[in-house]
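Structure first, commentary second.
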Amino acid sequence: MNLDVIYVLWLRQIKRYLRSKSRMLGSIGQPLLFLVALGFGFGPIYAKAGGGDYVQFLAPGVIAMSILFTAVFSGIEVIWDKQFGFLKETMVAPISRYDIVLGRTLGGATIATMQGVIVFFIALVIGFSPDWSGIPLALAFAFLIALFFTALGTGLASMLDDMQGFQLIMSFLVMPVFFLSGALFPLGEDLPTVIRAITLIDPLSYGVDGLRGALIGSAHFGLPFDFAVLGVLTLIALGAGSYLFSKMQV
């Protein structure tokens, strides 16, 4: 493992993100819409049903959503670099492809985590009141979510050659993963059997539940279980993504 290579690729990802002001601002719009429209629109209904403050419940799910979208769509940069030649220059260098994918994945995961932190501060303005003692654990869950979905996006992008195909596949995959993760509704025995089964195999369910447990003290599965499941799935995704990237032809 070449730490210098990993660091350079990680830093390149961060600099590319920071230079793209439109990307930073554009990625805030959707989480803000969810927080305001759903938080205040369904808040009274949620409260009347005995659920309490819906903004408190919703904010961790929207933070996870922001991380999910940013992490997965970082895979587009693999296709972009493939089409414009930068990736070929990197791949022919005398360095391990596994170091390349690790550096890119860590960079994408860091960016996605930063995006989640930005949405967290927006949620504070909206009225979210977290348990501040749980912030370090919430950051750990945020980074695991980012790492898993960045590795997933990188692996899928390694098998594709055009951005349109990647966006189509990602939209087909990402939206069900988000909506069936419990980000917008409580997980429990009252859910239909099929929906409940899907939530149990949805990786984001454990990330959302972990964030919710760390930030507001309400975890359906339990924080140790959430962390263990998400950790194992992240290792699997990193291994699969690295393998697919190493077999990529440029």
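For the structure I just gave you, tell me whether V208 is surrounded by 16 or more Cβ atoms within 10 Å (Cβ to Cβ), out of contact with any Cys (no Cβ under 7 Å at 6 or more places or on another chain), modelled with pLDDT of 90 or more and β-branched (V, I, T). Taking the combined requirement at face value, the residue satisfies it.
Hey, among the residues in region 161-178 that are at pLDDT below 75 and buried (at least 19 other Cβ atoms within 10 Å of the Cβ), which one's farthest from D81 (Cα to Cα)? Ranking the candidates gives M170 first.
For region 186-250, the helices (runs of 4 or more DSSP H) that sit wholly inside it and include 1 or more residues that are more than 24 Å from T70 (Cα to Cα) are 193-201, 223-246.
I'm trying to understand the selection: among the residues of region 55-77, which are over 15 Å from the mean Cα position of the chain (by Cα) and modelled with pLDDT under 85?
Taking region 55-77 as the starting set, the residues that turn out to be over 15 Å from the mean Cα position of the chain (by Cα) are 55-58, 77.
Passing the criteria: only E77.
How many residues does region 99-125 contain that are surrounded by 18 or more Cβ atoms within 10 Å (Cβ to Cβ) and over 20 Å from the mean Cα position of the chain (by Cα)? Of the residues in region 99-125, 2 are surrounded by 18 or more Cβ atoms within 10 Å (Cβ to Cβ) and over 20 Å from the mean Cα position of the chain (by Cα).
Could you list, in sequence order, all residues of region 205-250 that are of a type outside the set (G, A, S) and closer than 17 Å to T154 by Cα?
Within region 205-250, L233, T234, L235, I236, L238, Y243, L244, F245, K247, M248, Q249, V250 meet the criteria.
Out of curiosity, is G153 touching a residue at least 12 places away in the same chain (Cβ under 8 Å), part of a helix (DSSP H, G or I), touching a helix residue (DSSP H, G or I) at 6+ places or on another chain (Cβ under 6 Å) and surrounded by fewer than 24 Cβ atoms within 10 Å (Cβ to Cβ)? No. Does A140 fit the bill of being touching a Leu at 6+ places or on another chain (Cβ under 6 Å), at pLDDT 90 or above and under 20 Å from I236 (Cβ atoms)? Taking the combined requirement at face value, the residue does not satisfy it. If I ask for residues that are assigned to a helix (DSSP H, G or I) and not hydrophobic (A, V, I, L, M, F, W, C), which ones from region 112-139 would you list? Correct list: T113, Q115, G116, S133, G134, P136.
The values are calculated or read from the model by the stated rules, or taken from the named source; none is laboratory data. Everything numeric in this text was worked out from a predicted model, so none of it was measured. Every residue, glycine among them, receives a Cβ derived from its backbone with ideal geometry; neighbour counts consider all protein chains shown.
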